[in-house]
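Trainee: Sharing a structure below in structure tokens format, with a few things to ask.
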Amino acid sequence: MAAVRFAARGRELIRNRSGERGRIPVLVVGTGATCDLFLRSLRAPAAQFKAIGIIDDARGTTELYFGDVRIVGSVRNPAALIAKLERLAERPEMLLLTEPVTHFDSDGIRRLLGWADGNGVRVSALPDIGTPRAAVDPRHVPVITIDPETILDRPQMRVQKSLLFQQFRDRRVLVTGGGGSIGSELARQLAALRPQELVLIESCELNAYNIDMALGQYFPDVPRKIYVSCIRNRERIDRIFTEHRPEFVFNAAALKHVPLVEMNPCDGVLTNIIGVRNVADAARRVGVLAMVQISTDKAVNTTNVMGATKRVAEFYCQAQDRATRATEEQTRFFVVRFGNVLGSSGSLIPLFQRQIAQGGPLTVTDPKMERYFMSIREAVELTLLSAAAGLAENSELGQIFVLDMGKPVRIMDLAERMIRMAGKVPGKDIEIKVVGIRPGEKLFEELFDANETVHPEVFPGVRGASPVGVPIAALRAVMHRLEAAAAAGDDRAVRHLLRSAVPGYEDPTHEPALVAPAPSHPLIRFPERSPIAVGAAV
């Protein structure tokens with residue numbers, strides 16, 4: 001019986017080997033179930049690939065076999081792996097990832113992809129193994145839809161959910177901007193924690209409809225209320241807060257597109273500053289437990305109107321939090337600051353995906369430009385953790401929570417990586433075009449200001465920043481003047497007031513101010529580096 005089985009298996013292997021002529025030689029990365037299914041598919045006569053080796057993500061398996069394919073090395077030992085790849089008898093044409101990049105050791109996969117780039121080896125995620133050979137050119141790998149989370153070259157952070165359940169279960173929670181990229185993910189993750197009520201405020205009717213349908217489908221038992229409204233409308237916000245009396249508030253509503261806000265500074269002020277003031281004041285008035293302001297790395301040492309408006313919003317929430325001690329109220333105000341999120345509306349990854357689907361070119365503003373990136377899921381999980389842990393541990397008043405985003409990523413490298421993951425060759429199949437920096441953009445973003453004291457880790461995956469305090473009276477005065485100038489459509493006055501209010505921000509237009517500072521409303525003046533005492537911020 002054994003001899004019969006050996007003979008049958010031998011004939012199958014000989015048949016497979018003879019049928020492999022003309023197939024694309026690939027190195028398969030990963031040894032999970034997807035890899036197993038892929039290797040089984042190669043036994044079919046119509047298969048277009050042949051596996052010349054497997055790269056494992058575990059140690060101690062080198063020279064073993066997975067199926068009938070030899071494991072040539074591990075990404076956890078990249079030096080030895082690359083040395084073996086250089087000595088392969090047959091040169092691979094493609095590196096085929098059977099799992100997302102984030103499933104592998106970050107340093108090892110980075111070096112492996114670098115080797116592939118330097119040797120002209122294409123990189124692609126596993127295509128549909130059921131695609132018939134007749135439908136696909138055997139020398140061409142079909143373009144795949146790239147999951148934004150696979151773009152990160154580091155493992156994503158995970159949050160223990162026990163504290164989140166403890167804080168948010170059976171609570172009344174309100175999210176502004178609830179239909180946007182961050183707001184809708186906040187709504188979904190909060191709904192999974194089974195709140196008593198989930199209230200969403202969204203200014204875009206289509207976004208409100210989409211998130212309402214999604215919550216109704218996946219969380220039908222969670223009571224919800226959707227308002228198509230805007231945080232600029234103070235009276236409307238006050239009525240909503242009075243009716244629902246939320247215990248947690250997440251303010252994700254914002255105008256965030258740098259060039260568009262640069263062209264519309266008045267609208268940027270009305271949403272990103274006055275809207276935040278409306279939400280924060282309503283939160284304190286009804287006695288919420290905590291309000292969380294979603295901020296951005298573009299608020300640090302900013303060169304644009306969007307960043308300047310978000311910086312003033314940080315100042316206001318920080319001052320409100322410090323005021324809690326003096327007024328003996330329970331409401332806490334937390335600011336959570338992070339960089340770009342992968343796949344958000346209007347962001348880089350969806351743009352690159354559309355450009356790849358159209359055959360290019362991919363547009364990069366500058367070859368040296370770098371940005372911090374994280375997935376929407378991990379950004380929201382860490383935001384929820386910041387609120388839950390900040391309240392549970394009674395964190396330092398006025399402290400800003402800064403999400404740990406790893407190392408900044410060069411946009412040019414990101415563009416090349418996405419092209420390779422689509423099975424294309426950068427510069428050959430798809431061009432990358434440098435189009436120049438847009439108004440308000442910086443080459444490098446920063447997570448901390450020079451005047452902030454940095455705390456390495458206040459919670460897992462979250463660092464802290466203690467900024468110089470700003471008196472809340474001065475903030476209210478300058479916000480009053482900004483509101484008046486923005487409501488009047490006075491772009492020049494808005495830019496002048498922002499330049500006076502935000503340390504380090506310079507108006508790139510250098511337009512002269514049309515208004516002079518009024519003695520009754522002094523602009524904010526900051527000390528050089530000496531932090532204001534807690535009581536002085538009230």
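The values are calculated or read from the model by the stated rules, or taken from the named source; none is laboratory data. Just so we're clear, the structure is a prediction, and the values are computed from it rather than from any experiment. Because the Cβ atoms are built from the backbone with ideal geometry, glycine has one as well, and the counts that use them run over all protein chains shown.
Trainee: Which ones in the stretch 1-39 are modelled with pLDDT under 75 and of a type in the set (S, T, N, Q)?
Mentor: Asn16, Ser18
Trainee: So which residues in the stretch 194-210 are in contact with a helix residue (DSSP H, G or I) (Cβ under 9 Å, 6 or more places away or on another chain) and among the aliphatic types (A, V, I, L, M), if there are any at all?
Mentor: If the condition is that a residue be in contact with a helix residue (DSSP H, G or I) (Cβ under 9 Å, 6 or more places away or on another chain) and among the aliphatic types (A, V, I, L, M), then Leu198, Val199, Leu200, Ile201 are the ones that fit.
Trainee: Hey, another quick one. Please state which of the following conditions Ser395 fails to meet, knowing it meets all the rest: (1) in contact (Cβ under 8 Å) with a residue 60 or more places away in the chain; (2) under 22 Å from Met306 (Cβ atoms).
Mentor: Failed condition: (2).
Trainee: Report yes if Leu174 is modelled with pLDDT of 55 or more, more than 16 Å from the chain's Cα centre (by Cα), crowded, with 22+ Cβ neighbours inside 10 Å and outside any strand (DSSP E or B), otherwise no.
Mentor: No: the conditions fail for Leu174.
Trainee: Please go through the stretch 177-198 and pick out each residue that is touching a Gly at 6+ places or on another chain (Cβ under 8 Å) and not in a helix (DSSP H, G or I).
Mentor: Residue satisfying the conditions is Gly177 alone.
Trainee: While we're looking at this one, here's another question. Please work out if Arg188 is surrounded by fewer than 22 Cβ atoms within 10 Å (Cβ to Cβ), at pLDDT below 95 and out of contact with any helix residue (DSSP H, G or I) (no Cβ under 9 Å at 6 or more places or on another chain).
Mentor: No.
Trainee: Ala450 is checked against (1) within 23 Å of the chain's Cα centre (by Cα); (2) surrounded by fewer than 19 Cβ atoms within 10 Å (Cβ to Cβ) and fails just one. What number does that condition carry?
Mentor: With (1) within 23 Å of the chain's Cα centre (by Cα); (2) surrounded by fewer than 19 Cβ atoms within 10 Å (Cβ to Cβ) applied to Ala450, the lone miss is (1).
Trainee: Can Gly436 be described as part of a loop (DSSP other than H, G, I, E, B), surrounded by fewer than 23 Cβ atoms within 10 Å (Cβ to Cβ) and at pLDDT below 85?
Mentor: No, not satisfied.
Trainee: When the stretch 208-237 is examined, which residues are found to be more than 22 Å from Ile273 (Cα to Cα) and in a helix (DSSP H, G or I)?
Mentor: The answer is Ala208, Tyr209, Asn210, Ile211, Asp212, Met213, Ala214, Leu215, Gly216, Gln217, Tyr218.
Trainee: May I ask you to list pairs of residues, at least six apart or on different chains, whose Cβ atoms are under 6 Å apart, with the first in the stretch 286-301 being outside the structural domain of Val462 (by TED's automatic domain parsing) and at pLDDT below 95 and the second being buried (at least 24 other Cβ atoms within 10 Å of the Cβ) and not in a helix (DSSP H, G or I)?
Mentor: Every condition considered, no pair remains.
Trainee: Just one of the numbered conditions (1) in contact with a strand residue (DSSP E or B) (Cβ under 9 Å, 6 or more places away or on another chain); (2) surrounded by 22 or more Cβ atoms within 10 Å (Cβ to Cβ) is not true of Asp404; which one?
Mentor: (2)
Trainee: Then there is this: Does the stretch 81-97 hold any residues that are touching a strand residue (DSSP E or B) at 6+ places or on another chain (Cβ under 6 Å) and closer than 26 Å to Gly406 by Cβ, and which are they?
Mentor: Matches in the stretch 81-97: Leu81, Leu95, Leu96, Leu97.
Trainee: How do the pairs read when you match residues in the stretch 416-427 that are at positive phi and outside the structural domain of Val123 (by TED's automatic domain parsing) with residues anywhere that are part of a strand (DSSP E or B) and small (Gly, Ala, Ser), using Cβ under 9 Å and keeping only pairs 6 or more apart or on different chains?
Mentor: Here the result reads Gly423/Ser124; Gly423/Ala125, each pair linking the stretch 416-427 to a residue that is part of a strand (DSSP E or B) and small (Gly, Ala, Ser).
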